[in-house]
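The values are calculated or read from the model by the stated rules, or taken from the named source; none is laboratory data. Please read these numbers as outputs of a predicted model, since none were measured by experiment. Positions of Cβ are generated from backbone atoms using ideal geometry, with glycine treated the same way; all protein chains shown enter the neighbour counts. All accessible areas refer to the heavy atoms of the entire protein, side chains included, with ligands and DNA or RNA removed. Shrake-Rupley method; radii C 1.70, N 1.55, O 1.52, S 1.80 Å.
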Amino acid sequence: MDDKGSVGKISVSSDSVSTLNSEDFVLVSRLGDDTPSSTNNGSDDEKTGLKVISEEGVSFKIVGNGSEQQLQRELEDVLMDPSVADAGPGSEAGVSSLGASDLAALSNTMSPVLVGTDPLSSPPPKLEMVLPVQTAQESELNERSYRADESSSEGSPCSPIPDEDSVVFSQLTYLGCASVNAPRSEVEALRMMSILRGQCQLPLDVTLSVPGVSEGTVRLLDPHNNTEIANYPIYKILFCVRGHDGTPESDCFAFTESHHNAEIFRIHVFRCQIREAVSRILYSFATAFRRSAKKSLLSSQQNAPLTPDSDLFTFTVSLEIREDDGKGTFSAVAKDKDKQSFKLRAGLDKKIVIYIQQTSNKELAIERCFGLLLSPGRNVKNSDMHLLDLESMGKSSDGKSYIITGSWNPNTPQFQAVNEETPKDKFMYVTTAVDLVITEVEEPVRFLLETRVRVCSPNDRLFWPFSKRSYTETFYLKLRQMERKERKSPSSDTLYEVVSLESETEREKRKTTASPSILPSGPGTMAPSPPDDDEEEDNDEPLLSGSGDVSKECAEKILETWGDLLSKWHMNLSVRPRPLPALVRSGIPEALRGEVWQLLAGCHNNDHLVEEYRTLITKESPQDSAITRDINRTFPAHDYFKDTGGDGQDSLYKICKAYSVYDQEIGYCQGQSFLAAVLLLHMPEEQAFSVLVKIMFDYGLRDLFKQNFEDLHCKFFQLERLMQEYIPDLYNHFLNVGLEAHMYASQWFLTLFTAKFPLYMVFHIIDLLLCEGISVIFNVALALLKTSKDDLLQTDFEGALKFFRVPVPKRYRSEENAKKLMELACSMKISQKKLKKFEKEYHIIREQQEQQEAPIERYERENRRLQEANMRLEQENDDLAHELVSSKIALRKDLDNAEEKADALNKELLLTKQKLIESEDEKRRLEEESAQLKEMCRRELDKSESEIKKNGSIIGEYKQICSQLSERLEKQQTATRGELEKIRSKVEGCEKCSSLFNKEGRVRAAATTAPADGTEEADEEKEGLKNQLREMELELAQTKLQLVEAECKIQDLEHHLGLALNEVQAAKKTWFNRTLSSIKTVTGTQGKETT
């Protein structure tokens, strides 16, 4: 913003208007506070330059160790991503304070912003006013018209104002101004507008003059005598915004401006009771910005080399190479540190993107591109160029550039030369050509770009945080206007023919060849040569967080030493090995950091934290929006975290969310994401969460955020006392310039140096922190101050802050410098006894300050604290109300579902009752049948028992008869045998008879005629006995048959009884089941006894 030519194009919105230095603009819509609508020309650098809408803190210069607002600014400054901020100087404020000259200039316009006081502490007065809007012509009748001139802006505030083309708005109320970090943040502007409107102590009636030209100046005038109070050139005004409708600030508007070309930005707030006039004021600013854009274009035309005729047209052509990143998208290839050559990876598909923008003379209409060509080497012939497949062509969304995209397959034979790895210190050339059809030009125009490239392995990690991603060349196209008769067709649109086409590089070579002793110094080039490393270190762009690459390579001897130590340590994890501190001071090998960090933090047995983490990530966090916003700003320079929605950001979001739920007292604090990201680079998210909890609780980091940062203020005091002892000359210099510890060291303590410094240094600091405790931050801080002492002694207040923000982190990109710094930090001996002494001194001083503090100031401070607490509680109340409404909606939905379920259950209940009645009827029927069956069984059982008894008696009698007959038969047989023996003996004794009988007692044949009366009698008796025996056997057989029939009947009855039992059991088990079982058992027993 050193000249008015740097003012870019603008866009108009009813809510806000913004300008950018990169000739882009921002449109802030009313869709939400964090949703900018922007346009760009398509390049990555300019895209990132548009993302300026961010929520930043507001701060003021404060005596002592700073207030809570200052600490909040420091925290939010940690998360200000330079890659998404304005590319020009002043993208973020290094300090938030108002200079003495500004206080003098605005002494009558606002409540004084004094050192040591809070400009927002005064009670708000009641204001009533009417705002008439006057045009420049109307104001000539009532007031004076003023002319904006650069020289007049430096005149006396009380001098009359010359005329200018402007719009004058009278009877406005000036509410005051304050310093801001984010000059283009609508959220920040609205917040400051709300604060100043509510707490303005001395509002001032003013008249506002808004110029209609880019060279004009916005002026604040005294409405009584039309004298100038303050002025702000248009090119210094960055952003305009009005209050949202429906809010108390709907009658207010504000604009931000850069203060004396420094990195200090101020916001000025005005109030008007006529809301329509507020829109009119913003429209006037938009008109001035729009004309500024036109003037900027004219100024760029004037910078082009002038020729005797006016037919010279200037074009800037940018080349961007994109490679397949393996995720379905193509990412822009960065350029090597020399800023001269693209670094490509072999074998990956690529895209060529050409941006063409006309920068001078009458605008020519590019009709189409009919060829995008590429060839290895330089100074190649047309026949050696290879045509690429065109994917898209057309104007950018803002209409400034024409963009051509073509696909490039490097695996084809013609591109083999640029698909093979090049030696480390070698490079090669690639020539790109684009053929355009321009409506007004008779023949096609070819722009030829020659760039250097290097080809490396596809597995190489390519990351250069300071390199530009595109190559830009300026071309000068000289045309000659054609006569009508020279045209191919009289009705043709062609007006020109090409006389010559020359690039800036060719022009410089020609000048150098023509006059070797004269170096080219003309202003013609639109694309300055890339700065070297020294220039890069001196620029105002801070180092991106997450920068640097840490190698996992380590000497074999060091790894063996660590391996022996870890094996011994695992045997007894409760005791640290003696050689451990010395090894940690030298740095833990990158390959072992994850394991060693967990052991140092005491997370070797963290199963409970791991399980709790898995539960915490399922819960809702009240700080979800803040976490989501900060995740995108954490380590944007690191491949693992740069992709929105990637694995790195997802894991980081889970850890921050889990901790905010785990530690409800502190919750999520800005800066935690950086520490969590460092841990995630070395271990899984569960273990990273465990180590984060240990650092916050066991190492005391969370204490810095408690009690309005009281412990952090104590750390600042301790650091200043250590500076007074170790670096007295630097301590005295800081006292002289008014630089206090909280202005530069807040990030060091709250983020443990993880936010701005290179990763190699950050990892080593975490090594020492986990081994020796949080006091190691003092060692590193003193080492930083000591190594930078000579440079800091040469700086003033603003220069020192800028030095801490930009050059200090960049200085340690070199691994050698970082090692020297850490060696110096480890060599400093800071005893805990000394820190305890300084802490005691701090508490004594605080007690004395509280005792000496005036009651009004104490009450005002307490009032501010209560107001902040009230705002926080109101926010919480809003969140709870939103949650309550959401809960009610969810409850209503659940209630509806429950009612539907209850209706369904009622229907099922009715069906069940009906089935129950039917079951009861069936039960009664079955009970009646069972009673009948029981009665029948009882009758049959009685009958069976009687038959069994009868059969039993018959059997008994039969047995008795059989036994009697047997005994009788045996007796008769015995008597008969005796008688036979007697007869045989008598027969043998008689000679006459012996001749009639043989020895067996049989009658001899001769004796057959003898009388046989006695024998016949014996045979008859024998036959009679046989017949009687046969009858008895027959009677016995009949009895047995009857017995078998009875048993068959019994078995039949038992079978029927079993069937009845089964039916009863199927219906319902009752006491009758047991009765039947007992009957069955008895019946079976009796049957067996009978058998």
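Where residues in the stretch 933-949 are among the charged types (D, E, K, R) and touching a residue at least 60 places away in the same chain (Cβ under 8 Å), which of them is nearest to VAL1044 (Cα to Cα)?
In this case the residue turns out to be GLU947.
Filter the stretch 744-760 down to residues that are touching a residue at least 40 places away in the same chain (Cβ under 8 Å), of a type in the set (A, V, I, L, M, F, W, C) and out of contact with any Gly (no Cβ under 8 Å at 6 or more places or on another chain), then give me how many there are.
Here the count works out to 3.
For the stretch 824-852, name all the residues that are modelled with pLDDT of 85 or more and among the charged types (D, E, K, R). First the steps, then the outcome.
From the stretch 824-852, those modelled with pLDDT of 85 or more are 824-845; that's our starting set.
Listed by number, the residues that qualify are LYS829, LYS833, LYS834, LYS836, LYS837, GLU839, LYS840, GLU841.
In the list GLU868, GLU841, which residue meets the criterion of being open to solvent by less than 70 Å² (accessible area, probe 1.4 Å), closer than 27 Å to ASP624 by Cβ and touching a residue at least 12 places away in the same chain (Cβ under 8 Å)?
The match here is GLU868.
Hey, among THR1039, THR1081, which residue is open to solvent by less than 40 Å² (accessible area, probe 1.4 Å), at pLDDT 65 or above and either among the hydroxyl-bearing types (Ser, Thr, Tyr) or on the phi > 0 side of the Ramachandran plot (or both)?
On the way: THR1081 fails: open to solvent by less than 40 Å² (accessible area, probe 1.4 Å).
Just a single option satisfies the conditions, and that option is THR1039.
Condition check ((1) open to solvent by 30 Å² or more (accessible area, probe 1.4 Å); (2) over 20 Å from TYR640 (Cβ atoms); (3) in a loop (DSSP other than H, G, I, E, B); (4) among the basic types (Lys, Arg)) across all residues:
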position: ASN732; (1), (2), (3), (4): yes, yes, no, no
position: LEU739; (1), (2), (3), (4): no, yes, yes, no
position: MET743; (1), (2), (3), (4): no, yes, no, no
position: PHE749; (1), (2), (3), (4): no, yes, no, no
position: PHE753; (1), (2), (3), (4): no, no, yes, no
position: LYS756; (1), (2), (3), (4): no, no, yes, yes
position: MET761; (1), (2), (3), (4): no, no, no, no
position: ILE766; (1), (2), (3), (4): no, no, no, no
position: LEU769; (1), (2), (3), (4): no, yes, no, no
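Filtering the stretch 223-250 down to residues that are in contact with a strand residue (DSSP E or B) (Cβ under 6 Å, 6 or more places away or on another chain), of a type in the set (D, E, K, R) and over 30 Å from GLY799 (Cα atoms), which residue is surrounded by the fewest Cβ atoms within 10 Å (Cβ to Cβ)?
Filtering the stretch 223-250 for residues that are in contact with a strand residue (DSSP E or B) (Cβ under 6 Å, 6 or more places away or on another chain), of a type in the set (D, E, K, R) and over 30 Å from GLY799 (Cα atoms), the one surrounded by the fewest Cβ atoms within 10 Å (Cβ to Cβ) comes out as GLU228.
When residues of the stretch 694-717 are filtered for being part of a helix (DSSP H, G or I) and open to solvent by less than 10 Å² (accessible area, probe 1.4 Å), how many remain?
Here the count works out to 6.
Give the residue that is surrounded by the most Cβ atoms within 10 Å (Cβ to Cβ), with candidates limited to residues of the stretch 950-980 that are closer than 17 Å to ARG1030 by Cβ and touching a residue at least 12 places away in the same chain (Cβ under 8 Å).
Only one residue fits best here, namely TYR958.
Please list, ordered by first then second residue, the pairs with beta carbon atoms under 7 Å, 6 or more apart or interchain, first in the stretch 380-395 and under 15 Å from SER407 (Cα atoms) and open to solvent by 80 Å² or more (accessible area, probe 1.4 Å), second at pLDDT 85 or above and among the hydroxyl-bearing types (Ser, Thr, Tyr).
Once the first residue is under 15 Å from SER407 (Cα atoms) and open to solvent by 80 Å² or more (accessible area, probe 1.4 Å) and sits in the stretch 380-395, its partners that are at pLDDT 85 or above and among the hydroxyl-bearing types (Ser, Thr, Tyr) give ASP389/SER407; GLU391/THR405; GLU391/SER407.
Show the residue pairs that are 6+ apart or on different chains and have beta-carbon atoms under 9 Å apart, the first residue being within the stretch 651-679 and over 19 Å from HIS638 (Cβ atoms), the second being acidic (Asp, Glu) and assigned to a loop (DSSP other than H, G, I, E, B).
Taking only residues 6 or more apart or on different chains, the pairs are LYS657/GLU620; VAL661/GLU620.
For residues in the stretch 238-263 being at pLDDT 85 or above and of a type in the set (A, V, I, L, M), which is farthest from CYS200 (Cα to Cα)?
By that ranking, first place goes to VAL241.
Inspect all residues belonging to the stretch 303-317 and state whether any of them is closer than 26 Å to PHE415 by Cα and modelled with pLDDT of 80 or more.
Yes, the stretch 303-317 contains at least one residue that is closer than 26 Å to PHE415 by Cα and modelled with pLDDT of 80 or more.
Can you find, within the stretch 614-671, the residue that is surrounded by the most Cβ atoms within 10 Å (Cβ to Cβ) among those that are part of a loop (DSSP other than H, G, I, E, B), of a type in the set (Ser, Thr, Tyr) and at pLDDT 85 or above? Break it down stepwise before answering.
Here is the first cut: in the stretch 614-671, the ones part of a loop (DSSP other than H, G, I, E, B) are 617-623, 632-646, 663-671.
Add one more test, that the residue is of a type in the set (Ser, Thr, Tyr), and what stays is 618, 621, 634, 640, 644, 668.
Restricting the remaining residues to those that are at pLDDT 85 or above gives 618, 621, 634, 640, 668.
Numbers: THR618: 9, SER621: 22, THR634: 28, TYR640: 16, TYR668: 21.
Going through the qualifying residues, I end up with THR634.
Taking the conditions exactly as written (at pLDDT 85 or above, open to solvent by less than 40 Å² (accessible area, probe 1.4 Å) and touching a Gly at 6+ places or on another chain (Cβ under 6 Å)), does ILE366 satisfy them or not?
no
Got at least one residue in the stretch 906-917 being within 30 Å of GLN1028 (Cβ to Cβ) and open to solvent by less than 100 Å² (accessible area, probe 1.4 Å)?
No, the conditions are met nowhere in the stretch 906-917.
Please enumerate the residues belonging to the stretch 171-218 that are part of a helix (DSSP H, G or I), modelled with pLDDT under 85 and closer than 18 Å to GLU257 by Cβ.
Matches in the stretch 171-218: GLU186, GLU188.
Restricting attention to the stretch 352-363, does a residue exist that is closer than 19 Å to PHE415 by Cβ and assigned to a loop (DSSP other than H, G, I, E, B)? Walk me through how you get there before you give the answer.
Start the filter on the stretch 352-363 by keeping residues that are closer than 19 Å to PHE415 by Cβ, which leaves 352-354.
Among the residues that remain, those that are also assigned to a loop (DSSP other than H, G, I, E, B) are: none.
So far as the stretch 352-363 goes, no, none of its residues is closer than 19 Å to PHE415 by Cβ and assigned to a loop (DSSP other than H, G, I, E, B).
Filter the stretch 318-335 down to residues that are part of a loop (DSSP other than H, G, I, E, B) and surrounded by fewer than 17 Cβ atoms within 10 Å (Cβ to Cβ) and give me whichever is modelled with the lowest pLDDT. Spell out how you get there, then give the answer.
Just the residues of the stretch 318-335 that are part of a loop (DSSP other than H, G, I, E, B), to begin with: 325-329, 333-334.
Going one step further and asking which of them are surrounded by fewer than 17 Cβ atoms within 10 Å (Cβ to Cβ), we end up with 325-329.
Numbers: ASP325: 78, GLY326: 76, LYS327: 71, GLY328: 75, THR329: 81.
The selected residue is LYS327.
Considering only residues of the stretch 569-608 that are loosely packed, with under 12 Cβ neighbours inside 10 Å and over 22 Å from GLY773 (Cα atoms), which is modelled with the highest pLDDT?
Here the residue is MET571.
For the stretch 682-727, name all the residues that are among the acidic types (Asp, Glu) and within 32 Å of the chain's Cα centre (by Cα).
Applying the first criterion (among the acidic types (Asp, Glu)) to the stretch 682-727 yields 685-686, 698, 703, 710-711, 720, 725.
If the condition is that a residue be among the acidic types (Asp, Glu) and within 32 Å of the chain's Cα centre (by Cα), then GLU685, GLU686, ASP698, ASP703, GLU710, ASP711 are the ones that fit.
Filter the stretch 264-281 down to residues that are more than 22 Å from GLN201 (Cα to Cα) and in contact with an Asp or Glu (Cβ under 6 Å, 6 or more places away or on another chain), then give me how many there are.
1
Select from the stretch 844-864 the residues that are over 24 Å from PHE717 (Cβ atoms), free of Cβ contacts under 8 Å to residues at least 60 places away in the same chain and not aliphatic (A, V, I, L, M) and list them in ascending order. Don't jump to the end; show me each part of the working.
Quick first cut of the stretch 844-864, residues over 24 Å from PHE717 (Cβ atoms) only: 855-856, 859, 863.
Checking which are free of Cβ contacts under 8 Å to residues at least 60 places away in the same chain leaves us with 855-856, 859.
Answer for the stretch 844-864, where residues must be over 24 Å from PHE717 (Cβ atoms), free of Cβ contacts under 8 Å to residues at least 60 places away in the same chain and not aliphatic (A, V, I, L, M): PRO855, TYR859.
Specify the residue that is modelled with the lowest pLDDT; the eligible residues are those in the stretch 672-695 that are under 20 Å from ASN606 (Cβ atoms) and among the polar types (S, T, N, Q).
GLN672
Could you please give the count of residues in the stretch 403-426 that are open to solvent by 50 Å² or more (accessible area, probe 1.4 Å) and closer than 14 Å to ILE321 by Cβ? Can you show your working first?
Within the stretch 403-426, the subset open to solvent by 50 Å² or more (accessible area, probe 1.4 Å) is 409, 411, 413-414, 416-417, 420-421, 423-426.
Then keep just the ones that are closer than 14 Å to ILE321 by Cβ; that gives 409.
Total meeting the criteria: 1.
Checking GLU611 against (1) surrounded by 12 or more Cβ atoms within 10 Å (Cβ to Cβ); (2) outside any loop (DSSP other than H, G, I, E, B): exactly one of these is not met. Which one?
(1)
Name the helices (runs of 4 or more DSSP H) wholly inside the stretch 538-607 in which the number of residues that are touching a Pro at 6+ places or on another chain (Cβ under 8 Å) is 1 or more.
So the answer is 556-571.
Please indicate, with yes or no, whether at least one residue in the stretch 1051-1068 is among the acidic types (Asp, Glu), modelled with pLDDT under 80 and closer than 30 Å to SER946 by Cβ.
Quick first cut of the stretch 1051-1068, residues among the acidic types (Asp, Glu) only: 1052, 1054, 1063.
So of that shortlist, the ones also modelled with pLDDT under 80 come out as 1063.
Add one more test, that the residue is closer than 30 Å to SER946 by Cβ, and what stays is 1063.
Yes; the residues of the stretch 1051-1068 include at least one that is among the acidic types (Asp, Glu), modelled with pLDDT under 80 and closer than 30 Å to SER946 by Cβ.
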